Structures are given as structure tokens and as C-alpha cells.
Amino acid sequence: MKRKLRNVSRKSGIGETGSAMILALILLTFGSLLLPTLLQLVNTGFEAAQVFEDKTYQKYAAGTGVDDGLWQIRHGDLDTLFTNPPYDEYDYNTAWNYDLSEESNGYDVNVTIQNIWIPKDIAPPEKDKAREVIEAGKLIIAGSIPDSSTYKIKISYYPEDGEDLKVNTIGVWLPAGYSYENGSSNLETNIIPSPLYHTIPSVEDHHGGQAIIWTFSSVPLDEFPGVNTLDTPITAEITFNFNSTLPERIPLPVSWVTTSGVDGIELAWDSDTRIYLITSDTGKTSASAHIAKSELRELGWAILGDYRASGASLMEDTDSDADAIRDLLLNESDALINDIPSDAEVTLAYLYWSGWFGLPLFQDVCENMNSWNTSGNYWTPKSGRFEGHVTGTDSNAKFLTLKKASPHQIDLSSYAEGEVTLKWEQYESGQLEGNDRLYFALSADDGASWSFDILAFSDDDPVTDFEYTVPQAYLTSDFTMRFNLYGFTGEDEYAYIDEIILTASQGDTSTFEADTSVVFKIDSDQVYFDNDDLPQKGLVEIVADKVQARNIYDSTGKPYGYSYSCKKEVTELIKEFTATGDDENHPGNGTFTVGGVDADTDDEMSYAGWSMIIVYSNAESHGHQLYIYDDLIFAQKDSNVDFDNDGDPGGIISGFITPEPVSGETIAAKLTCFVGEGDEHYDKDYLYFNSYGLSNAQSPVNNVWNSQSPGLNEDGIDIDTFNITWESDVLDPGDTSASIDMPTKFDSYNLIYIILSFRSEVVTGDALDYLIEY
């Protein structure tokens, strides 16, 4: 964006008059007497005017430099502007400078910008230490203004076992135009007996405003107002009133605290408010101004910008059975994103894909007899399944036996009771009677001996999806099995078997095989990264950066296969191959396709799907901060996920800071979840944010994971966005953590990610002071 520099135009003018001759002669006479003196005065006046005019131009040129520095702080990118040395928001010792791109009023102008350290009588930390303290988020100081004359300091502390944090000082700086109201803080209340924190602050002039400092004798944080030691984090709130001579403006104070007792956090401050010194120099005149800017700090999880989340399922339930079992894995699916502002630029993009596997130890789709022996011609492959039929009154056994292999067909010796399941699909045709039966049997010694025949079905209308848990006695290295057809002598009596699977329900997650590469298309063109990580078009799959797997459990708590999730950063692909916006920018809009994702079908746990998060920035998105949590979590029925692994249901998320409300806006935050294997026919699954139940137009509060997300055509996944309003009263400015509860009564599902976005206003105030020197 080009900046217009300000110039002051030079103006001149000459007036002319006429007179009668006599008047001219009189003036000529007197003029001859006064001329020497008048010429001297005129010359002196011209010189003074020129000096005044030159100083005016110098002043305006210097002011232009201050204006440009203010624009760079408000709207520019200091990281891009200053590269040698690189700009660092935590560096309080370096002065960065640049020259204006053109002269102002004939003067070259050099502008210097510095970060100003505000806490009084405390040396600024080195930049690496400062960044570590703020971004670690162990001790967080946040200031807010609940009303027009009250300031609140919120101290949030995340303790570890055995720590005892003590407070030495609490300080706050009020800018020019604002002053502390004596006796108004909750640290000065007249309580008997007097609390340990009771103290009167010192009030001193500092950086053009006031520094208010409360000093303590190492008082434990537990003793301060509002503290509940059972909370996570432990929070204390300090409030006081201030007076203002600027009623139309909102102050931007800076607060801080010094501590002892815990290494590494001896100092913490509110880094959301930053003070800058801008100095502009023309060589003859300089102008300087202090500027305050309020913008959310970047904690460990934070990403600046707004986002869009989309995606699609890769599995369908084609026969609409009562249990909504998904039986068709799609080759690919696509999703459209077309509402990112045209002036935006993609800053980050993540692609996630996820699915479920049943750990098959053996699987046969029943298209041929390669793995089977049959006694006679009673069993044959037909139309993609095994068909069983008996002709005449043959009394021989009608076996279909799994072949022996060397050394063994299937080794089940490493599995425990309840971990191995045998299942298949079964059908019949004709008018069957009770003596038309399908049996199966198991062997622990490669067929040397067999179990009793076990009934799979008899008569008409068998259970289609048959399952049987293999008993402990047959979990050996010599396992095999067989089917036995009994009856079925009628001309139209047939038994059918399909999709024979022997699956292990649980295993070592480090050995689980996820589908780590997928097809990714942008506007119908397949794209990928080459060996140098450069974006290319071509028929090459992209490979995951991060892979996770989790054991799954059935409704009785028995292990039941595993789910996996994969993540790939695709930022450069989106930047390279999506359409441009207003200029040469790439907002990230387009049609995105993902395919080639592997997962198992034909089970109540079956699902496969993908989702993409695009983070973008533009002038309107600078007031957002995002926090992504993408640890794969399995939520079993009748449970509440233990997010933070503390042994208790639910969990605490942290690493964010809640901003002040933006005037005229009602949404405090929004939250998007990507969930696999949610079912509409199972209700009583919830999402609570600080005990407040969330919902949207297609996901009611008591059935949020119902595979009915806005914009999705197929079931099996949820990509749901929920708005958290200020009116719900579940978030307060300065909050640094929130509880998330996802209790479920009947449904089981997989959580792939949560993304949380806070809307904040980036405020850059007018100059706090202004000085011109000639």
C-alpha cells in the first residue's frame, strides 16, 4: 500500500494600486526621505519570514515522518519493514530506522521506531527471556476496563506440584490524562484483621503518566483477592478506580508483577499493550511521539488471523440400515470455500484426514477360492460372494475350509481373550426350513481337531452382519476355521457368505498402519510437493507431517480396532494454485478435493473423512487470534473425555487470553470441531464450554455429533462451528483458560481437532505526547 506524504505549499502574492499624480509626488518626496530606513526594515522582514517559513516546512516534514511511523505501527508489518537487524517485539534496546520513500517539503526524512519498556524501576529483560516468559503462559498478567472508571488486573498462574508463588510488587502505569483515585483499590480495603496483602500504593510520575506500585513482603498469591486454590489456573483480581481528563478516550494502561519462590517467572507483565517511541528527523528538525497499541499477545498456541474450516465425508451408508452402518468407501470427495475476503492472503493451511480400521488379521472378499478348500462342489464363488448349495441327498460333509499355509495361515498367539473377532456377511434365498443351517467351527491346531459346530443361522432371514468373538482356547499360532452347510437340498435353497474378516481389536498403537498419503486437488488439478518441498501439479500424493492412532472400544468396553488421523501443512499449495484476489494475493478460495483415503467399511465404527483449515489475514482479521488443538482423542459411550489426562472427566484448555469485547459485536469466540463417527440415531452427546451447552442450526445441544453439519452432504463426520456470545456470560476479559466437556451417553466418536478463535479489537491510540525540536 502506498503512503501519501504531506507537503506544505509555498504561496506568494503581489498587490498593485493606482493614485493621482499629486499623491504620487507627495509620496515620492516623503519616500526619498524614508527610503533607506524602509529598505533596511523590509530586508529584515523578508529574512525573518524566510526563517519562519523554513521552520514551518521543517516542522511539517518531521511531522510527516511521525505520521508515517504511526501508520506502520497501526497497519504495516514491522517484521517486514525492519530486517537488519530483524524487528523483535520483545527487544527493548534496539532502535530501528528507515527513510521515507520521497522528500517531504524538500527534506529527506529518517524515522526511528523503538519498543519502550514501561514497568518502573525494573530493568527490561533480554528479548529471548521476555519472549519465554510471555509465550510460556505460566504466569499471565492481563488488564481490562470493566467500566469507564475502573481498571482490573487479572493474575493467572498455572502451578506445578510443590510450587509456592509469592508476590513482591504489583504495578500499573496510567498514561497522561488519567490518575489513580486514592484508596480505591481492593488491596486497601479496611478488613479486620488486616489481610496480608493490605498495603497503600506509591504513586509517582512516570513516562508522562503515573506509576502506581503496591509493595508486599513476599505474600503468597493464595492470599490475594478472588483466589480459589482449587481452580486451574489460580487467579487473583486487583481492581481500582481512576480519574480522567479525557472522557471520550479509553486508556491503554500497562500492568506488571514481580514474584519470588518459583524460578523463571520472577517478572510478568501485560504485553497486550505496547508502547512505541517514534522519532522523525529532517537533519534540522526532529519530532517524537509515544504511541500505545493494544493487541492480543501471541501465547504458545496463538495464530494471528481469521479462518475457514471445511471438508467432506469419504464414506456412505448406501442401504440406509437401522444402525446407519457405512458400507461404501468413496474414491474422493470435495468441498467449496468461496467466502474468504478477496483482499485476504493465506497465512497457514492444514489438511486433516481420518478413518477407522478394524485390524484385520485375515480378510477375503469372496471373489475366488484361492484361500479355501471345499469338499465336493457345494461351495462356489458367484457374483462376488461364496454360494452354498446341495444337490440331491449327498450325506458327505459340505465343508469350506481355510487352507493351511507354511508356516501358518493366521497367528493369534499374541492376543488376549476378547481381542479377536470373526465376522462375515450372510444371506439366503429360497424357502428355508429349520433344518437348513449354516455352521462354522474353529481349530487351534491347523485342523488336527475341531470345535463343535457353531450355528451361524438357520431358516429364513438370517442376521446379515454376523460376529463371533474367538475364545481364548483358539488364540494360537495354528488357528484355522471352516464352514459347514447342512440341509439346503431344495432346488431354490442357497446360502451366501461375503466379506469374511478376522480382526484384532487392539494392539500397540506404534505399529498401527495409517493411510499417510492422499490425493489432494485444487480446482480439479492434483497438486503435491516435490523433493525440495516446492509446490507442483501432477499425479503424486501428498504425505502426512503428523500421524496419530488410538485404540477404539466397543459398547461393552472391549477393544475394537483403531482410529487414525493425519495432518499435512499445505499452505504453499494453497498460495500457489488457488485463484488470486484483488491484487496478486491468494485469499484461499476454491474447490478442494481429497481422495485415496483408506479405512474399513461395514461396521458401526466405520468412518472416513477430511477437513481443511485455512487461516488468512487482512485488515479485518488482525483482531483475531486462533488456538488449534489437534491431539486425536477417542470418546467412548457413557464417558466424558479426559482432555488434560489428569484422571478426571473433561479437561482444561489454556494458552489463550480473552480480549475486551469489540463495540457493536456480540460474538466473544467461535469454536470448530472435526469429529469422526458421530451418529444421528444416538443422542445425548454434548459439547460444554465453561458448562455452557453449545449448538448450531443442525446440531442440537443434546446431539451435537450427529453427522449433520452445515454444508456436508454425506454422513460419518461432523465439522461444526459454534458461536460463544458475550451474552452467555461464560467468558470474561483476561480469562486464560476454559473447561471443555464432551459427555456422551450412547454414541462413541473420534475428535480430530478443535480450533478456537477470539475476536479482539486492535487499538492504536493517538500520540500520548508530542515533542518538536529545532
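By the rule of a C-alpha distance below 19 Å, with chain neighbours fewer than 8 residues away ignored, the aspartates and glutamates paired with residue 59 are 47, 67, 68, 99, 102, 103, 108, 281, 766, 769, 773.
If a spin label sat at a point 7 angstrom from the Cα of residue 77 along the line to its beta carbon, the backbone N atoms of region 347-374 nearer than 15 Å would be those of 347-349.
Rolling a 1.4 angstrom probe over the protein heavy atoms with all chains in place gives the chain an accessible area of 46 Å² per residue.
Which sequence of 560, 352 reflects their accessible areas, 1.4 Å probe, from the largest down?
Numbers: 560 35, 352 5 Å².
The most accessible residue leads, giving 560, 352.
Label reach from residue 726 (point 7 Å along Cα→C-beta): in region 226-250, no amide nitrogen lies under 12 Å.
Working from label points 7 Å from Cα in the Cα-to-Cβ sense, the residue 148 to residue 533 distance is 5.4 nm.
About the centre of its Cα atoms, the chain shows a dipole size close to 3680 debye [charges on the beta carbon of Lys, Arg (+1) and Asp, Glu (-1) only; nearest 20 debye]. Computed from the C-beta positions of residue 646 and residue 205 and an R0 of 35 Å, the FRET efficiency is 0.15 to the nearest 0.05.
Considering only Cα-Cα distances, which of the following residue pairs are longer than 28 Å: 129/154; 154/745; 129/166? It would help to have the intermediate numbers written out before the result.
Working: 129/154 22 Å; 154/745 37 Å; 129/166 20 Å.
Pairs exceeding the cut-off: 154/745.
Relative to the longest principal Cα axis of the chain, at what angle does helix 21-74 sit, 0 to 90 degrees, rounded to 10? Taking Cα atoms only, the helix is inclined about 20 degrees. Applied to region 524-536, the Karplus parametrisation 6.51 cos²θ - 1.76 cosθ + 1.60 on θ = phi - 60° returns per-residue 3J(HN,Hα) values of 6, 9, 6, 10, 6, 9, 7, 5, 9, 6, 9, x, 9 Hz, with x for Gly and Pro.
Between residue 189 and residue 525, the contour length at 0.36 nm per residue exceeds the Cα-Cα span by 114.1 nm.
At 222 nm, what value in deg cm²/dmol follows for the chain if DSSP H runs of at least 4 each add -39500 (n - 2.57) and the sum is divided by all its residues, to the nearest 500? If you can, show how the numbers build up before the last one.
Details: 4 runs with 75 residues, N = 774.
Mean residue ellipticity at 222 nm (helix-derived): -3500 deg cm²/dmol.
On full extension of the chain, what length is gained from residue 368 through residue 691, given 0.36 nm per residue of separation minus the C-alpha to C-alpha distance? Please list the in-between numbers first.
On the way: separation 323, 0.36 × 323 = 116.28 nm, distance 5.60 nm.
Full extension of this stretch gives 110.7 nm more.
The accessible area of residue 583, taken with all protein chains in place and a 1.4 Å probe, comes to roughly 110 Å². Whole-Hz Karplus values for region 465-475 come out as 9, 8, 9, 8, 7, 6, x, 3, 4, 10, 8 Hz, taken residue by residue from phi with 6.51 cos²θ - 1.76 cosθ + 1.60 and θ = phi - 60°; glycine and proline positions read x.
Remark: accessible surface ordering of 204, 160 (largest first) is 160, 204, probe radius 1.4 Å. The distance between label points at residue 491 and residue 266 comes to 10.0 nm (points 7 Å beyond Cα on the Cα→Cβ vector). Estimated at the nearest 10 Å², the accessible area of residue 675 is 0 Å² with a 1.4 Å probe. One entry in [x] 37.7, 154; [y] 26.7, 90; [z] 29.0, 97 is Rg and Dmax of the Cα atoms in Å calculated from the shown coordinates; its label is [x].
Surface composition of the chain: carbon plus sulfur atoms contribute 48% of the solvent-accessible area (1.4 Å probe, protein chains only, all chains present).
When 367, 576, 188 are compared by accessible surface with a 1.4 Å probe, the order from highest to lowest is 367, 576, 188. In this structure the amide hydrogen of residue 348, modeled in the peptide plane, comes within under 5 Å of the amide hydrogens of 615, none closer than 5 places in sequence on its chain.
At 0.36 nm per residue, and after removing the present C-alpha to C-alpha distance, how many nm does the segment from residue 103 to residue 631 gain when stretched out fully?
184.6 nm
Between residue 435 and residue 397, what's the calculated FRET efficiency when r is the beta-carbon distance and R0 is 25 Å? Round to 0.05. Walk me through the numbers on the way to the answer.
Numbers: r = 16 Å, r/R0 = 0.63.
Given R0 = 25 Å and the Cβ-Cβ separation, E is 0.95.
Could you name the lysines in cross-link range of residue 404, using Cα to Cα under 25 Å and dropping any fewer than eight places away on the same chain? Correct list for residue 404: 382, 423. In the complete set of protein chains, residue-level accessible area for residue 230 is approximately 150 Å², probe 1.4 angstrom.
In terms of the Cα gyration tensor, with a ≥ b ≥ c the square roots of its eigenvalues, is region 176-320 rounded because a/c is under 1.5, prolate because a/b exceeds b/c, or oblate? Before the final figure, lay out the partial values.
Values: a/c = 2.39, a/b = 1.25, b/c = 1.92.
The shape class here is oblate.
Taking a straight Cα-Cα cut-off under 14 Å and skipping sequence neighbours fewer than 8 places away in the same chain, the aspartates and glutamates within cross-link reach of residue 537 are 523, 525, 572, 576.
Just want the answer: with Cβ charges of +1 for Lys and Arg and -1 for Asp and Glu, which residue in 606, 673, 686 is farthest toward the dipole's positive end in region 557-689? Working it through, the farthest residue towards the positive pole turns out to be 673.
The values are calculated or read from the model by the stated rules, or taken from the named source; none is laboratory data. Just so it is clear, the structure is predicted and the values come from calculations on it, not from any experiment. Positions of Cβ are backbone-derived with ideal geometry, glycine not excepted, and every protein chain shown enters the neighbour counts. Note: areas computed on protein heavy atoms with side chains; ligands, DNA, RNA excluded. Shrake-Rupley method; radii C 1.70, N 1.55, O 1.52, S 1.80 Å.
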